[in-house]
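Below is one structure; the comments refer to it alone.
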Amino acid sequence: METIFHDVPFIAGFKPLSMTKMVGKVHTVFIPKVDFELIDLGTIALRRLGVDRAHLIESTKWHYPETRKWVERLYAEFGEVQGLRWTSRQDDSAQAVVLFGTRTKSADLAIAGPSTSLLAGDLASAAVIDLAMRIGVTLVE
């Protein structure tokens, strides 16, 4: 939801998505080997920071320069944390996480099985097709 379906509009009706967005992309499940210290960007924590979800989490890609400034500030202010955690804007039943590459090691994560390509030849993977159907997206070439 936070990658290939990120820019799908919240509208009813025909929502096409080009399968070219999936070229070269894979799905990989990682298992943390350590307890990462993450900055909570949930609604209550955002109140403490003085920003609401609409301006940080629910913003669009046009607001990324502003959200980047927030991340830079948090990165500088909390030197011990390894990343950020928030409720996904795209799927409110899921948590989104960003790990800071400068503060984590690849050894801190284990890969749980092989990566799965989002495309199998000219077809999307079953997981992508299932999600597209659930959110009313039509995959197009």
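Quick note: the coordinates plus some simple rules give every number you see, no bench work behind them. Remember, it's a predicted structure, so these values are computed and weren't measured experimentally. Ideal geometry is used to build each Cβ from the backbone, glycine not excepted, and the neighbour counts take in all protein chains shown.
Note down the nm distance, to one decimal, between modelled labels 7 Å out along Cα→Cβ at residue 117 and at residue 1.
Modelled inter-label distance: 2.8 nm.
If you line up the Cα atoms of the chain on their principal axes, what length do they span on each, largest first, in Å?
Between the extreme Cα coordinates on each principal axis of the chain lie 46, 36, 24 Å.
Given a cut-off of under 8 Å on Cα pairs at least six residues apart, what relative contact order in percent is computed for the stretch 22-133?
Computed over the stretch 22-133, the figure is 44 percent.
Report the extension gain between residue 91 and residue 55 in nm, rounded to one decimal, defined as 0.36 nm multiplied by the number of residues separating them, less their alpha carbon distance.
Gain in length upon complete extension: 11.2 nm.
What angle, in degrees between 0 and 90 and rounded to the nearest 10, separates the Cα long axis of helix 126-135 from the longest principal axis of the Cα atoms of the chain?
80
Residue by residue through the stretch 37-52, which ³J(HN,Hα) values in whole Hz follow from phi under the Karplus form 6.51 cos²θ - 1.76 cosθ + 1.60 (θ = phi - 60°), with glycine and proline marked x?
So the J values, rounded to whole Hz, are 8, 10, 6, 7, 10, x, 4, 5, 5, 5, 4, 4, 6, x, 9, 9.
Calculate the spin-label point distance for residue 18 paired with residue 35, positioning each point 7 Å from the Cα along the beta-carbon direction, and give it in nanometres.
4.6
Could you work out [θ]222 nm for the chain from helices alone, using -39500 (n - 2.57) per DSSP H run of at least four and dividing by all its residues? Round to the nearest 500 deg cm²/dmol.
Computed mean residue ellipticity for the chain: -7000 deg cm²/dmol.
Check residue 15: other-chain or 5+ apart residues with amide H under 5 Å from its amide H, H built from backbone geometry?
138
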